[in-house]
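The values are calculated or read from the model by the stated rules, or taken from the named source; none is laboratory data. What you are looking at is a predicted structure, and each value in this text was computed from that prediction instead of being measured. Cβ placement follows ideal geometry from the backbone for every residue including glycine, while neighbour counts extend to all protein chains displayed. Surface accessibility is based on the protein's heavy atoms, side chains included, excluding ligands, DNA and RNA. Shrake-Rupley method; radii C 1.70, N 1.55, O 1.52, S 1.80 Å.
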Amino acid sequence: MKMIRGSMVALITPFNEDGSVNYKRLRELIDWHVDQQTDAILVLGTTAETPTLTVSEEDEIARISIEQAKGRVPIIVGSGSNNTMVAIEQSLKYEKMGADGLLVITPYYNKASKAGMVNHFMQVADAVHTPVYVYNVPGRTGVSLTYEALAEISQHKNIVGIKEASGNMSLICQFSKLINENFNVYSGNDDINVALMSMGGAGSISVMANILPKEVHDIAMACQNGDFETARKMQLKYLDFINALFIETNPIPIKEAMNMAGLNVGGYRLPLCPMADDTKAVLKAEMEKLGII
């Protein structure tokens, strides 16, 4: 598969009023993102509330997403685990379904050494033929990839990129040294999309793209075209809204925002719960400033 460039949406999981997965709405969201020029769709990531989904729900979300996309847009499926054998099993399963890529998170809780971390990713990549994207999000996992570990991991022919969500610009600069025709870096933090792409990053895996997909695509395309002045202005235009999207734990604010905008994606599963009134008011005010509602 060609290197994906541009905007990938870290898709939410829509729920019905009874808390079940709304598969009909999922199909509609896939179609909407195709129409809005989203460059790839990530399902079963952090924003999808994956920790509260059952295995059968995860499988059905992956299957439906791949089926609905019909090859019009790449579907990346989160297949990671802190158990290497489970990550391999999940990756093989989604590969067989037809996933265009696999997102594999750093193993959380175990506190693996550098050697353990490297072996984890190498074994997953050895088992599949589908492109693998490493996912570094220390705020969630309690562990961060080092430059030295990624330098080894990035040499594997099946590992094509990293979703970098540490927010650590110093580390991002180090990771950017590894960019080549076979490996790239993707922003996992909407507030630094342009900064990361200015270092050569291929695009973003975005939360904001759930509600403003065309705008996130346009920011990424401006960067790809070397028009960083346009990209900078757009990034700053949406910065306060981006910050409001993370005023509480993701994906609480983005789902609240989508519901306020009429996108009807339902609620959450505990332990996630609706926003507090004061933080919701901040989010609503930023949406009104931008004319989203």
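Among residues of the range 153-182 that are under 22 Å from HIS120 (Cβ atoms), those with a Cβ under 9 angstrom from a residue that is surrounded by fewer than 16 Cβ atoms within 10 Å (Cβ to Cβ) and acidic (Asp, Glu), sequence gap 6+ or separate chain, pair up as HIS156/ASP126; ASN158/ASP126. Mind listing whichever residues of the range 201-216 are among the polar types (S, T, N, Q) and in a helix (DSSP H, G or I)? Selection gives ASN210 alone.
Residues are listed down the side, and each one gets a yes or a no for (1) open to solvent by 10 Å² or more (accessible area, probe 1.4 Å); (2) more than 20 Å from ARG140 (Cα to Cα); (3) aliphatic (A, V, I, L, M); (4) touching a helix residue (DSSP H, G or I) at 6+ places or on another chain (Cβ under 8 Å):
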site	(1), (2), (3), (4)
ILE12	no, no, yes, yes
TYR23	yes, yes, no, yes
ALA40	no, yes, yes, no
LYS70	yes, yes, no, no
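Please tell me if SER79 is open to solvent by 10 Å² or more (accessible area, probe 1.4 Å) and of a type in the set (Gly, Ala, Ser). Criteria not met by SER79. Checking SER206, SER176, SER154 one by one, the residue that is within 15 Å of ALA10 (Cβ to Cβ), among the hydroxyl-bearing types (Ser, Thr, Tyr) and open to solvent by less than 30 Å² (accessible area, probe 1.4 Å) is SER206 and no other. Being closer than 19 Å to SER79 by Cα and either free of Cβ contacts under 8 Å to residues at least 24 places away in the same chain or among the small types (Gly, Ala, Ser) (or both), is that true of even one residue in the range 5-12? Yes: the range 5-12 contains one or more residues that are closer than 19 Å to SER79 by Cα and either free of Cβ contacts under 8 Å to residues at least 24 places away in the same chain or among the small types (Gly, Ala, Ser) (or both). Going by the structure shown, is ILE30 open to solvent by 20 Å² or more (accessible area, probe 1.4 Å), touching a residue at least 12 places away in the same chain (Cβ under 8 Å) and among the aliphatic types (A, V, I, L, M)? It is false that ILE30 is open to solvent by 20 Å² or more (accessible area, probe 1.4 Å), touching a residue at least 12 places away in the same chain (Cβ under 8 Å) and among the aliphatic types (A, V, I, L, M).
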